[in-house]
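As structure tokens, the structure follows; a few thoughts come after it.
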Amino acid sequence: MADVLNVAEAAALRAGTCLKERWGQVGLLKTKDGIRDVLTQADLDAEQHIIATIRDHFPDHHILTEETGQLLGQRSNRTRWIIDPLDGTTNYLHQLPYCAVSVACEEEGELVAAVVYAPLLDELFLARRGAGATFNGSRIRTSAVRRLEESLLATGFPCSSGIPLEPHVAVFARFLRKAQGVRRPGAASLNLAYVACGRFDGFWGADLKPWDIAAGILLVREAGGMVSGYPRYRDESFPDQLIASNEHLHELLTQVLDA
């Protein structure tokens with residue numbers, strides 16, 4: 001049987017090639033749920049490349065995708081793929097290269113393989129459960145920063161219509177007062193990958209979907225970091241409100257978010 005991480009990598013690279021070929025050549029196809037949640041033909045084409053690659057090797061596996069939804073395998077199976085063919089579509093649409101392909105695989109509810117690939121930056125992040133995480137072939141670890149005052153954090157605001165932005169802006173302001181810096185780059189999977197390699201010391205976000213965070217969660221954990229939902233003690237596999245950080249800052253971020 002093919003190795004799931006190798007297939008995930010092949011699928012992400014294939015989708016990334018598609019995105020590079022269409023860079024600067026696609027326009028807005030439609031908005032999905034409010035003006036901030038956008039779709040291009042590149043999203044759909046990249047997703048089909050990922051699905052085809054997985055199906056070539058694992059026709060029985062289930063697949064959860066951002067654009068198509070749940071695709072069941074040929075028969076009952078305990079393995080599921082969770083994919084976002086283009087995380088950061090708005091950036092891509094405006095030719096900002098901070099966007100990524102996210103591919104994760106879970107077996108019996110446990111994440112076992114993850115790939116986040118930023119094709120326009122040529123950055124490839126891989127993780128295998130119990131075997132660590134890599135960036136372009138080199139092992140990575142989360143940062144060693146211990147104080148919020150020395151941290152660079154990342155976040156994102158909800159895209160869904162009907163979700164009030166004011167509480168999230170207030171949290172953003174609290175972190176601006178406490179951290180060395182806060183960034184909102186616009187792609188949750190890549191934010192998490194950057195936590196894993198120590199570029200960001202922490203990330204928090206709300207209105208997140210499994211395809212936004214599945215691969216990034218495994219990357220952060222395999223790089224020695226911590227991931228949880230908030231408010232404190234939310235026990236979910238893919239929390240819609242999530243904190244990820246190195247092991248030293250997690251409690252400090254939780255305290256700010258629970259305040």
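The values are calculated or read from the model by the stated rules, or taken from the named source; none is laboratory data. In this text the structure is predicted, and so the values were computed from the model without any measurement. As a convention, Cβ positions derive from the backbone with ideal geometry for all residues, glycine included, and neighbour counts pool all protein chains shown.
Here is the figure for region 151-174: residues that are in contact (Cβ under 8 Å) with a residue 40 or more places away in the chain and surrounded by 12 or more Cβ atoms within 10 Å (Cβ to Cβ) total 14. Listed conditions (1) in a strand (DSSP E or B); (2) closer than 18 Å to Pro239 by Cβ; (3) under 15 Å from the mean Cα position of the chain (by Cα) are all met by Leu153, apart from (3).
Counting only strands (runs of 3 or more DSSP E) that sit completely within region 175-259, zero hold 2 or more residues that are free of Cβ contacts under 8 Å to residues at least 12 places away in the same chain and closer than 19 Å to Cys159 by Cβ. Among residues of region 50-81 being in contact with an Asp or Glu (Cβ under 7 Å, 6 or more places away or on another chain) and assigned to a strand (DSSP E or B), the one that is surrounded by the most Cβ atoms within 10 Å (Cβ to Cβ) is Arg80. Restricting region 194-245 to residues that are of a type in the set (Ser, Thr, Tyr) and within 25 Å of Gly69 (Cα to Cα), the residue that is surrounded by the most Cβ atoms within 10 Å (Cβ to Cβ) is Ser228.
Every residue in region 146-199 that is touching a Pro at 6+ places or on another chain (Cβ under 9 Å), under 19 Å from Gly216 (Cα atoms) and modelled with pLDDT under 95, please. Across region 146-199, the qualifying residues are Gly156, Pro158.
This table checks each residue for (1) crowded, with 18+ Cβ neighbours inside 10 Å; (2) modelled with pLDDT of 95 or more.
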{"site": "Glu108", "(1), (2)": "no, no"}
{"site": "Leu121", "(1), (2)": "no, yes"}
{"site": "Leu126", "(1), (2)": "yes, yes"}
{"site": "Ala133", "(1), (2)": "yes, yes"}
{"site": "Thr142", "(1), (2)": "yes, yes"}
